[in-house]
Amino acid sequence: MKEVKVLTIDERGRIVIPQIVRKSLGITTNSQLMMVSDSENKEIRITPIGLQDENKLIKLRITMGDIPGALAKLAATFGNLNLSMMYSEAVIVEKDKTAIWTVISESPDFALEELEKILKEKGEALKVEFLSLE
């Protein structure tokens, strides 16, 4: 069932998710939500993500070659590490040369430096940057 509500932003930029919506989606205190804003289309999407409290999210910017299969190889590397991706977006920077893939994923249970090394070796990433989620 779809619920349509008009929300108001308060002076501190906050919105209240109505109780009926929270209840129907199973959103409770400390639930995690992912927000994706699209300035071109003037849209905001807020999606509940089903992570347990002890799991943390990481955001990565991965530079790769703009060649066929490059994105698939990196995505397969995440899969082989059993890391769920909550969001991803790929953009070509320079046709046939470089592309950037931005990913929000579960944090691995090993050091981020090791993840960077694996993405470069097995996924053939050119550069891996860890970004703030804020």
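The values are calculated or read from the model by the stated rules, or taken from the named source; none is laboratory data. All values derive from a computational prediction rather than experimental measurement. So basically every Cβ, Gly included, is an ideal-geometry build from the backbone, and we count neighbours across all protein chains shown.
Restricting to the stretch 123-134, what's the tally of residues that are of a type in the set (Lys, Arg) and either modelled with pLDDT under 95 or surrounded by fewer than 12 Cβ atoms within 10 Å (Cβ to Cβ) (or both)?
First, the residues of the stretch 123-134 that are of a type in the set (Lys, Arg): 127.
If we keep only those that are either modelled with pLDDT under 95 or surrounded by fewer than 12 Cβ atoms within 10 Å (Cβ to Cβ) (or both) too, we end up with none.
Matching residues across the stretch 123-134 total 0.
So if I check each of 85, 34, which one is closer than 30 Å to residue 5 by Cβ, free of Cβ contacts under 8 Å to residues at least 40 places away in the same chain and within 16 Å of the chain's Cα centre (by Cα)? Write out each step before concluding.
On the way: 34 fails: free of Cβ contacts under 8 Å to residues at least 40 places away in the same chain.
Selected residue: 85, the only one of 85, 34 that is closer than 30 Å to residue 5 by Cβ, free of Cβ contacts under 8 Å to residues at least 40 places away in the same chain and within 16 Å of the chain's Cα centre (by Cα).
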In the stretch 103-124, residues that are more than 12 Å from residue 74 (Cβ to Cβ) and touching a residue at least 24 places away in the same chain (Cβ under 8 Å) total 5
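Quick one: which of 99, 70 is over 23 Å from residue 133 (Cα atoms) and at pLDDT 95 or above? Quick ask: steps written out before the conclusion?
Details: 99 fails: over 23 Å from residue 133 (Cα atoms).
On inspection, the qualifying residue turns out to be 70.
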Filter the stretch 21-66 down to residues that are farther than 14 Å from residue 105 by Cβ and at pLDDT 95 or above and give me whichever is surrounded by the most Cβ atoms within 10 Å (Cβ to Cβ). 64
Considering only the stretch 75-116, state which residues are surrounded by 13 or more Cβ atoms within 10 Å (Cβ to Cβ) and either assigned to a helix (DSSP H, G or I) or on the phi > 0 side of the Ramachandran plot (or both). 75, 76, 77, 78, 112, 115, 116
